[in-house]
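The values are calculated or read from the model by the stated rules, or taken from the named source; none is laboratory data. Quick caveat: nothing in here was measured; it's all calculated off a predicted structure. Backbone-built Cβ (ideal geometry, glycine too); neighbour counts: all protein chains shown. Note: accessible area is taken over every heavy atom of the protein model, side chains too, but ligands, DNA and RNA are not part of it. Shrake-Rupley method; radii C 1.70, N 1.55, O 1.52, S 1.80 Å.
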Amino acid sequence: MVNSKKSFDPFSFVIGILFIVVSFIVLRNPLPTFAAVITVAGIVTILFGLYKLFIYRRLYKIAGVSSFFLIINGILDFVFGVLMLFDFTFGSLFLTINFALFFITDSLFELWESRFIHANNNNYYWLIIVVAVLGLLIGIILLFRPTFAAISLVWMIAVYFMIYGIGSIIRSF
């Protein structure tokens, strides 16, 4: 017989409390949070651009294949990343537009994908249709209201920290 007595994990408990505190800090300071997201996105975009240029170089050396698209894409990623880091207005606009486009493209994909589900589960099909249409409407609203997109992004980050913190506290017992 295995003894399954679980003990208290103070590390998970502290991490959970810290994440909940960070969630409240994010909600109290939305502009600095959004600026931090822009900074992180800018750095990641620069790194992606450099990675694409590195991949191009390796691809050319190994296979002798030249991809003009990969060079242009890597350079654009690098330039957009630098602009995001040094121009807050550009970074905020770029990030909010991409956030809105993510909602729109994801919803369009869900609508396209729903036709394959229709034959198997009619209730699930209609749920996907409703959620996809709502996502499409939200994406369009976010596209024309960048401030709302920025606030939504900050709220999503805060909710994520809150959920992760609560989950860590629950796991600690």
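Selection of the stretch 21-42 for residues being more than 13 Å from residue 95 (Cβ to Cβ) and either assigned to a helix (DSSP H, G or I) or touching a residue at least 40 places away in the same chain (Cβ under 8 Å) (or both) yields 21, 22, 23, 24, 25, 26, 27, 28, 30, 31, 32.
Of the residues 14, 21, 26, which single one is within 28 Å of residue 147 (Cβ to Cβ) and open to solvent by 50 Å² or more (accessible area, probe 1.4 Å)?
Working: 14 fails: within 28 Å of residue 147 (Cβ to Cβ); 26 fails: open to solvent by 50 Å² or more (accessible area, probe 1.4 Å).
The unique qualifying residue is 21.
When 49, 16 are screened for being farther than 20 Å from residue 161 by Cβ, modelled with pLDDT of 90 or more and assigned to a helix (DSSP H, G or I), only 49 passes.
Every condition in (1) more than 27 Å from residue 33 (Cα to Cα); (2) touching a Gly at 6+ places or on another chain (Cβ under 7 Å) holds for residue 54 except the one numbered (2). Can you find a residue in the stretch 70-91 that is among the polar types (S, T, N, Q) and under 27 Å from residue 149 (Cβ atoms)? Within the stretch 70-91, one or more residues are among the polar types (S, T, N, Q) and under 27 Å from residue 149 (Cβ atoms). Say whether the condition of being among the hydrophobic types (A, V, I, L, M, F, W, C) and either farther than 30 Å from residue 13 by Cβ or touching a Leu at 6+ places or on another chain (Cβ under 6 Å) (or both) is met by at least one residue in the stretch 160-173. No, the stretch 160-173 contains no residue that is among the hydrophobic types (A, V, I, L, M, F, W, C) and either farther than 30 Å from residue 13 by Cβ or touching a Leu at 6+ places or on another chain (Cβ under 6 Å) (or both).
Yes or no, residue by residue, for (1) modelled with pLDDT under 90; (2) more than 27 Å from residue 140 (Cβ to Cβ):
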site	(1), (2)
70	yes, yes
75	no, yes
91	no, no
103	yes, no
107	no, no
121	yes, yes
